[in-house]
2 protein chains.
Amino acid sequence: MKTYIDCISCFIKQAIEVGRLVSDDEIVHHKLIRKVVDRLRDYDFQLSPPEMGQYIYEQARLISGVKDPYKKQKKDFNHFATELYDEFHQAVTQSADPVRAAILLAISGNIIDFGTGHSMDHDKIDENIRKTIAEPLDDTVLTQFKEQTASAEKILYIADNAGEIVFDKLLIELLPTKKITVVVRGGYIINDVTMQDAIDIGLTDIVTVIDNGDNSPGCVLDRCSDQFKQALAETDMVIAKGQGNFESLENSGYNIFFLLKAKCSVLAKHIGVKQGSIVFRK
Amino acid sequence: MKTYIDCISCFIKQAIEVGRLVSDDEIVHHKLIRKVVDRLRDYDFQLSPPEMGQYIYEQARLISGVKDPYKKQKKDFNHFATELYDEFHQAVTQSADPVRAAILLAISGNIIDFGTGHSMDHDKIDENIRKTIAEPLDDTVLTQFKEQTASAEKILYIADNAGEIVFDKLLIELLPTKKITVVVRGGYIINDVTMQDAIDIGLTDIVTVIDNGDNSPGCVLDRCSDQFKQALAETDMVIAKGQGNFESLENSGYNIFFLLKAKCSVLAKHIGVKQGSIVFRK
């Protein structure tokens, strides 16, 4: 997905939010904003939004020296989701269609995202997840998903955020784990999932986990490691979570099932759904 | 009020909105956004937000050639408010305290503003106005307002938006009209009130109306005409409507009663009220 001019206000809001997170000093905030504005002057709007996202958080890091601004939030949401795990695991296994239920949960967990300006209050997140898992799912795509997870030799599961990864684990446990490699980010970016999160929530105990060699809030192929690109080239089926992965992989040509919440109005309009909708499409 | 970094997303949104209003051509939208981003690079954040506002709409005009993008909306809201005039006029005159009721109505009319990104749906505006007129008003400021309108020799009433001006008329009719000079903008800017609107709604029939010689969405004194600045210097009491006038005149040192809705979160935080509150202060 290209960057729309409507994305700019969101970039600015992200810069202000991370700026205030890494420093109380207004000079630091202005310095960061000026960097972002400078970059926007010559920005190529054909690039996907995660490319600009990477720049914003990289600048926040360079200016402030804070390497992992959302460390606390990631730990907090890994813990929050882990506390819900047993309840939802039971709900999934007792469901008439466990895979369907687990896909809905994995999508609903995508609401845990500090990059979109939504409230990250635990109660609101909990309520949102419970609402989302009651939503309908496209049966044609679901059938394809089940057939391909059975027939594929290699599956890449590109994860998105900390906390959310616990819900991904619920889904992954229902799939043939030996075929699956989970991909996390190669560096700190917003509350996106890293290897540390995968270890912390026990995902590395059940499945192979690699990182993509880059710290964009998505999968910007030009920036990813050769190891990841090779894994992608050798895979039959990709499951990609979240907006950032969608925005950066939409036109990549791979066989990808996208699972996400359309959290922002620009993306929702781009793919023709209502903002807040669950998206499950190939 | 200085410009906060939080104002930037709003500037961008305003540029996108007016860009799409004056042209369907994406190249025009990008050209305008680039102008705004360029200006932000060297922007002096000690200036008040209306200074940037003026720049955005001026650039939209220069790029597109459309002189008065909100002409239709201004006519529409003058008509909409005029349709409500009789009903509210009766409510005011039958009220136990007509001036108090009229002040609340004048403030409630301030919701008619195309610069703040709120819905300008007639039904929502109507509902919002009816809610606002039931709100409490600071009695100390009200007493001062009544005393000063009685004792002042010259009163300047600096208006804000088309449509809203009909509600201002309701208040002005209760005051000593011979002492009052109403000030409108000196050029087209968003849906801000101009001389044509004052004529259209019959305000010029009951009171002297001048313009301030500038087309900022506020009263940026450095840019206003000598005629207006002289009138301001000779006045005993100023009544200033809306956010733009507040932002640009807050620290001007004149004896000003501000009447506005705190429509944006930045201004609300700046003056310590909840967003959406009515503001009536000296």
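The numbers here are math on the coordinates, done by the rules we state, and not lab data. Quantities reported herein were computed from a predicted structural model and do not represent experimental measurements. For neighbour counting, all protein chains shown are included, and Cβ atoms are generated from backbone atoms with ideal geometry for every residue, glycine included.
Could you calculate the FRET efficiency of A:Asn251 with A:Ile206 from 1/(1 + (r/R0)^6), where r is the beta carbon distance between them and R0 is 30 Å, rounded to 0.05?
With a Förster radius of 30 Å, E is 0.40.
Could you list B:Val66, B:Val22, B:Val92, B:Val183 so that the one with the fewest beta carbons within 10 Å of its beta carbon is first and the one with the most is last?
B:Val66, B:Val22, B:Val92, B:Val183
Measuring from a point 7 Å out along Cα→Cβ, what nm distances, shortest first, does A:Asp121 have to its partners in the other copies?
Distances to the matching label points in the other copies: 2.4 nm.
Helix A:26-41 sits at what angle to the longest principal axis of chain A, using alpha carbons and giving 0 to 90 degrees rounded to 10?
80
Tell me whether the stretch A:155-282 comes out rounded, prolate or oblate; compute the Cα gyration tensor, take square roots of the eigenvalues as a ≥ b ≥ c, and use a/c under 1.5 as the rounded threshold.
Numbers: a/c = 1.43, a/b = 1.32, b/c = 1.09.
Note, shape of the stretch A:155-282 comes out rounded.
Looking only at the protein assembly as shown, where both bridge partners belong to it, what percent of the DSSP beta bridges are antiparallel (to the nearest 5)?
Antiparallel bridges: around 25 percent, rounded to the nearest 5.
I'd like the trypsin sites (Lys or Arg not before Pro) in the stretch B:21-102 restricted to DSSP loop residues with at most 16 other Cβ atoms within 10 Å, sorted by number. Walk me through the intermediate numbers first.
On the way: sites: B:Lys31, B:Arg34, B:Lys35, B:Arg39, B:Arg41, B:Arg61, B:Lys67, B:Lys71, B:Lys72, B:Lys74, B:Lys75, B:Arg100; in loops: B:Lys67.
Hits after loop and neighbour filter: B:Lys67.
At 7 angstrom along the Cα-to-beta-carbon line, where would the label on A:Val99 sit relative to the other copies? Give the distances in nm, shortest first.
7.6
List the lysines whose Cα lies under 18 Å from the Cα of A:Lys263, skipping any in the same chain that are fewer than 8 positions away.
Straight-distance partners of A:Lys263: A:Lys2, A:Lys13, A:Lys124, A:Lys131, A:Lys241, A:Lys274.
Residue of A with Cβ nearest the axis relating A to B, plus distance in whole Å?
A:Ser9, 2
Between the DSSP loop rule and a limit of at most 11 other Cβ atoms within 10 Å, which GluC sites (Glu not before Pro) in the stretch B:204-282 are left? All intermediate terms of the calculation are to be shown ahead of the outcome.
On the way: sites: B:Glu234, B:Glu247, B:Glu250; in loops: B:Glu234, B:Glu250.
Loop-located and lightly packed - B:Glu234.
Using the reciprocal of the averaged 1/r over all distinct C-alpha pairs, how large is the Kirkwood radius of the stretch B:7-64 in Å? Don't skip to the end; give the middle numbers.
Working: mean 1/r = 0.0890 Å⁻¹.
Here the Kirkwood hydrodynamic radius works out to 11.2 Å.
Counting other beta carbons within 10 Å of each Cβ, put A:Leu62, B:Leu21 in order, fewest first.
If I rank by nearby Cβ atoms, fewest first, I get A:Leu62, B:Leu21.
Please tell me the relative contact order of the stretch A:7-64 in percent, rounded to the nearest whole number, where contacts are Cα pairs under 8 Å and at least six residues apart.
This gives 50 percent for the stretch A:7-64.
With an 8 Å Cα cut-off and a minimum separation of 6 or more residues, compute the relative contact order for the stretch A:71-281 in percent.
Contact order relative to length: 22 percent.
So if we plug the beta-carbon distance of B:Tyr85 and A:Ala91 into 1/(1 + (r/R0)^6) with R0 = 60 Å, what FRET efficiency do we get, rounded to 0.05? Write out the running numbers ahead of the final one.
Details: r = 58 Å, r/R0 = 0.97.
That pair, B:Tyr85 with A:Ala91, gives E of 0.55.
Please turn the phi angles of the stretch B:157-172 into ³J(HN,Hα) values with the Karplus equation 6.51 cos²θ - 1.76 cosθ + 1.60 (θ = phi - 60°), one per residue in order, whole Hz, x for glycine and proline.
10, 8, 7, 10, 10, 4, x, 3, 4, 5, 6, 4, 4, 4, 6, 4
About its Cα centre, how strong a charge dipole does the stretch B:7-64 have in debye, to the nearest 20, once Lys and Arg get +1 and Asp and Glu get -1 at the Cβ?
The dipole of the stretch B:7-64 has a size of about 60 debye.
Give the residues of the stretch B:1-22 whose amide nitrogen is closer than 19 Å to a point set 7 Å from the Cα of A:Asp25 in the direction of its Cβ.
Only B:5 pass the distance filter.
Using Cα centres only, tell me the gap between the stretch A:104-126 and the stretch B:71-146 in whole Å.
Rounded to whole Å, the Cα centres lie 39 Å apart.
Roughly what percent of Cα-Cα pairs across the stretch B:97-225 reach past 18 Å?
56
Let me spell out the model: positive unit charges on the Cβ of Lys and Arg, negative unit charges on the Cβ of Asp and Glu, origin at the Cα centre of the stretch B:71-281. What dipole size does that give, in debye rounded to 20?
Details: 22 positive and 31 negative charges, 69 e Å.
Charge dipole of the stretch B:71-281: 340 debye, to the nearest 20.
At 37 °C and 0.692 mPa s, grab the translational diffusion coefficient of chain B from Stokes-Einstein with a Kirkwood Rh over Cα pairs, rounded to a whole number in µm² per second.
Estimated diffusion coefficient is 174 µm²/s.
What is the helix-to-structure angle for A:71-93, meaning the angle in degrees between its Cα long axis and the longest Cα principal axis of chain A, kept from 0 to 90 and rounded to the nearest 10?
Relative to chain A, helix A:71-93 is tipped by roughly 20 degrees.
Farthest toward the dipole's positive end in the protein assembly as shown, which of B:Asn255, A:Leu32, A:Leu21, given Cβ charges of +1 (Lys, Arg) and -1 (Asp, Glu) about the Cα centre?
A:Leu32
Rounded to the nearest 20 Debye, what is the dipole magnitude of the protein assembly as shown about its Cα centre when Lys and Arg each give +1 and Asp and Glu each give -1 at the C-beta? Present the calculation step by step, with values, prior to reporting the outcome.
Values: 66 positive and 84 negative charges, 120 e Å.
It comes to approximately 580 debye.
log10 I(q)/I(0), Debye, Cα-only the protein assembly as shown, no solvent, q = 0.05, 0.08, 0.09 Å⁻¹?
With no solvent term, the Cα-only Debye profile gives -0.27, -0.64, -0.76.
Among B:Cys219, B:Ile56, B:Ile8, which residue has its Cα positioned farthest towards the positive end of the charge dipole of chain B, with +1 placed on the Cβ of Lys and Arg, -1 on the Cβ of Asp and Glu, and the dipole taken about the Cα centre?
B:Ile8
Output, in nm with one decimal and in ascending order, the distances from the B:Val141 label point to the matching label points of the other copies (7 Å from Cα along Cα-to-Cβ).
From this label point to the equivalent ones elsewhere in the assembly: 5.1 nm.
Tally the DSSP beta bridges in chain B and give the antiparallel ones as a percent, rounded to 5.
25
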